[in-house]
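Have a look at the structure below, then the notes.
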Amino acid sequence: MRVNAIVFACLAAFTGAACSPTADFQSSGRLARTSDLTLVQITEDHVGGITSETPYASKAIESALPGFTTDGIQTAVEDNTEWALAAFNSDGFQVLQVFKGQNGKVRTVHGVTHHLQGPNGERIGMTFSEVGSARSDCRVGKNLWRGMAICKSEGHPNVELVYAIPGYKGPFDQLPAENDLFDAELQRILWTPKG
């Protein structure tokens, strides 16, 4: 009788998760790391409608991203934490983090969800090997991004890809070993306006 209760509880938990609107399952039944839904496209010249000319202001960012709202957040960048404007889709899902430049315009944008796409089709959750990043195009992260690999997006010098290795234990002053880097997961896509 106890075995039946355990089986029922496991089946109920699995079924509940599968019906959840936030759960993405592949046909194999395991959680999908990436998405086919693209809320924002990142290119060399823009992130959605955000360009090098976009003022750093809620109304300007919301105008550049129709259907999105913004709110102030504090978040980690490589060397410290900063205030930024987070851009949320109509479901309240955080998609971007927008940082202020000294000129009153957007300094950089961080893509933080698997529902966006980089200039070469990169998606949050893809592995280093799936993206096809080259070790020679990467540097080791420091400070708050210690142990991460920060790589150029191929052919797009103003777009960087930030990879993390779950459970990585160092060394932190150099890029991870090739076999560790191979399975590193894309965590953020960073866009900086050209010029």
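Things worth noting here:
- Qualifying residue in the range 144-156 (condition: under 19 Å from LEU37 (Cα atoms), small (Gly, Ala, Ser) and not in a strand (DSSP E or B)): no
- Looking only at residues of the range 98-133 that are more than 14 Å from the chain's Cα centre (by Cα) and open to solvent by less than 40 Å² (accessible area, probe 1.4 Å), we find that the one that is nearest to PHE172 (Cα to Cα) is SER133.
- Answer residue from the range 140-191, given it is in contact with a Lys or Arg (Cβ under 9 Å, 6 or more places away or on another chain) and at positive phi and is least open to solvent (accessible area, probe 1.4 Å) among those: GLY147
- Taking each residue of the range 171-195 that is touching a residue at least 12 places away in the same chain (Cβ under 8 Å) and looking for partners that are open to solvent by 60 Å² or more (accessible area, probe 1.4 Å) and in a loop (DSSP other than H, G, I, E, B) with beta-carbon atoms closer than 8 Å, six or more apart or interchain, yields PHE172/ARG146; GLU185/ARG33; GLU185/PRO166; LYS194/ASP45.
- The residues of the range 117-143 that are assigned to a loop (DSSP other than H, G, I, E, B) and among the basic types (Lys, Arg), listed by number, are ARG123, LYS142.
- A Cβ distance below 6 Å, combined with a sequence gap of six or more or placement on separate chains, defines the contacts here; from the range 141-162, residues that are under 16 Å from ASN120 (Cβ atoms) reach residues that are of a type in the set (Phe, Trp, Tyr) and part of a strand (DSSP E or B) in the pairs VAL159/TRP191.
- Listed by first and then second residue, the pairs with beta-carbon distance under 9 Å, at least 6 apart or on different chains, first residue in the range 65-94 and assigned to a loop (DSSP other than H, G, I, E, B) and open to solvent by 30 Å² or more (accessible area, probe 1.4 Å), second among the hydroxyl-bearing types (Ser, Thr, Tyr) and at pLDDT 95 or above, are SER90/THR69; GLY92/THR69.
- Residue check, LYS100 within 29 Å of GLY49 (Cβ to Cβ) and touching a Phe, Trp or Tyr at 6+ places or on another chain (Cβ under 6 Å): yes
- Looking across the range 95-116, the residues that are part of a loop (DSSP other than H, G, I, E, B), of a type outside the set (A, V, I, L, M) and at negative phi come down to GLY101, GLN102, ASN103, THR113, HIS114, HIS115.
The values are calculated or read from the model by the stated rules, or taken from the named source; none is laboratory data. Owing to the predicted nature of the structure, the values given are computational and were not obtained by experimental measurement. When we count neighbours, we look across all protein chains shown, and the Cβ atoms used for this are built from the backbone with ideal geometry, even at glycine. Heads up: the accessible areas ignore ligands, DNA and RNA and are worked out on the full protein's heavy atoms, side chains in. Shrake-Rupley method; radii C 1.70, N 1.55, O 1.52, S 1.80 Å.
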